[in-house]
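K.L.:
First the structure, then my questions, so here it is.
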Amino acid sequence: MSHLARIAFDEAAAILRCLGTERRLPATMLPLAQTRGMVLAGAIDAPIDLPSFANSAMDGYAYRAADVSGDAPRALRVVDTQFAGAALQRAVGEGECIAIMTGGVLPEGADTVAIRENVVRDGDTARIPGGLARGTNVRDAGSDCRVGARVGTAGTTVTPALIGLLAALGFTTIPVYQRPSVAVFSTGDELKPPGTPLAPGEIYDSNRALLQAALAEQGIATLAWPALPDDPVRMLTALRDAAEAYDVVITCGGVSAGDKDLLPGLVAEHGRIHFWRVRMRPGMPVLCGELGRALYLGLPGNPVSVLANFHALVTPLLDAMQGREDGVAPLHARLADPLSKRHDRLEFRRALLWCDADGQLRTRAHPATGSHQQSGAAESNALLRIEADATVLPAGASVPVYPYAPIRPG
């Protein structure tokens, strides 16, 4: 495998996008309530006007603007009440008004609504304030969207707000791309499940928990596979089983150049390698290939490398497989402090990201730089991208950042 040299990060990302696009998952129709976070597989146009009828934006009184000309108030006779729901079979005539509730159908003949707080009611008479323009507090039919308007674009993420809009338009199902199925493995005889006693030299398996939580945030459920032992036969058997049942297989550890780093050789012999080693830090010895019917990604064993690889490489692959065109682009923030690096690789450094009192995004690199230092990742909320050719960045420089937790207030 000597021909598999390190490749640039952007080249690796492009390969993954291409692989994901080639393996785009099929579309399916799902109930609207089940589609949050999924990707629209087709354009959606409004089948009706929204709202479909003119209605009141406020509790108040519907009347004809021509009856209250100028700034002086006028007393109108209250002839009925319109609640939200079925329209009254009664028109508003000259000198009349109808009490109306928010969302109620605007009565025939009425064109304006005075809010209840500004109206003096005395029995069947309502004193309507002057100075209201025709159409005040009226929601015209189609004022939200017109029939035939494009309300959903293929490749965009289904958000709760979009679900609400589509429900208001009467949709019960929509076309979305299926989510990929993902198998997650950690590797190494030294790994033990959290909660069990540790012998000298053993560590708790944190990478699997990290990946499963990160995938769950994207709506992808994973099966809790046991850790792969440092045995090539048992390792290959488990991976082959997963590769026949899942779209993507992800492993953590076993992809470097040590005596027990068995995965590059196994994938090369029994599958196909697209790249091995990327000029990035952390996460350089990442392996991308194919096993059986599945795409395979072998991530390094250090937890911070897993975090960086997941957000920088795995997520774009999963997005491409789902046809997502509105994947999260980096934000740009100003460095609060200068920073430097001494290597020629692109680096994703853990960082704090916040919004200052002036509304400016600011960021500060976390002092932890070791790829084993998980506390630094937990205390941070973003990955700060430092380009390969950058050695010194001054305070105030604009840098790309990828949030992986909520942005904090200043």
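Bear in mind that the values in this text are calculations on the coordinates, not laboratory data. Just so it is clear, the structure is predicted and the values come from calculations on it, not from any experiment. Note that we place each Cβ from the backbone using ideal geometry, even for glycine, and neighbour counts take in every protein chain shown.
K.L.:
Pulled fully out, how much extra length does the chain show between C18 and E379, if you take 0.36 nm times their separation in residues and subtract their Cα-Cα distance?
P.N.:
Computed gain between C18 and E379 is 126.6 nm.
K.L.:
If you bin every alpha carbon distance in region 204-305 into 5 Å steps from zero, what whole percent lands in each bin?
P.N.:
Going out from 0 Å in 5 Å bins, region 204-305 shows 3, 12, 23, 27, 22, 11, 2, 0 percent.
K.L.:
For region 55-139, what is the convex hull volume of the alpha-carbon atoms per residue, in Å³?
P.N.:
70
K.L.:
What does the highest-first list of 327-336, 349-358 look like by mean Cβ count within 10 Å? Show your work: numbers first, answer last.
P.N.:
On the way: 327-336: 15.3, 349-358: 17.4.
Listed from highest to lowest mean packing, they are 349-358, 327-336.
K.L.:
Let me ask something else about it. May I ask for the distance between the Cα centers of region 120-157 and region 340-410, given as a whole number of Å?
P.N.:
Cα centroid of region 120-157 versus Cα centroid of region 340-410: 46 Å apart.
K.L.:
I'd like to know how the chain sits against the 2.2 N^0.38 Å rule of thumb: what's its Cα Rg over that expected value?
P.N.:
Working it through for the chain, the quotient is 1.39.
K.L.:
Given G289, A257, N309, which one lies farthest toward the positive end of the charge dipole of region 249-370, if we put +1 on the Cβ of every Lys and Arg and -1 on the Cβ of every Asp and Glu?
P.N.:
Positive-end residue among those listed: A257.
K.L.:
Moving on. Which value, in debye to the nearest 20, gives the size of the charge dipole of the chain about its Cα centre, when Lys and Arg are +1 and Asp and Glu are -1 at the Cβ?
P.N.:
560
K.L.:
Relative contact order for region 217-351 using alpha-carbon pairs under 8 Å, separation at least 6, rounded to a whole percent?
P.N.:
Averaging sequence separation for qualifying contacts and normalising by length gives 21 percent for region 217-351.
K.L.:
From a point 7 Å beyond the Cα of A149 in the direction of its Cβ, which residues of region 165-205 have a backbone N at a distance under 11 Å?
P.N.:
Answer for region 165-205: none.
K.L.:
Bin width 10 Å, origin at 0, all Cα-Cα pairs of region 201-264: what percent of pairs per bin?
P.N.:
In order of increasing distance, the bins hold 17, 50, 30, 3 percent.
K.L.:
How are the C-alpha pair distances of region 341-403 spread across 10 Å bins, as whole percents from the shortest bin up?
P.N.:
P(r) over region 341-403, rounded to whole percents: 22, 53, 23, 2.
K.L.:
Also: Please compute the net charge surrounding V79, taking Lys and Arg as +1 and Asp and Glu as -1 over other residues with Cβ under 10 Å from its Cβ.
P.N.:
Every neighbour counted, the sum reads -1.
K.L.:
Antiparallel versus total DSSP beta bridges in region 331-409: what percent is that, nearest 5?
P.N.:
85
K.L.:
Using label points projected 7 Å from each Cα along Cα→Cβ, tell me how many nm separate A5 and D344, to one decimal.
P.N.:
1.1
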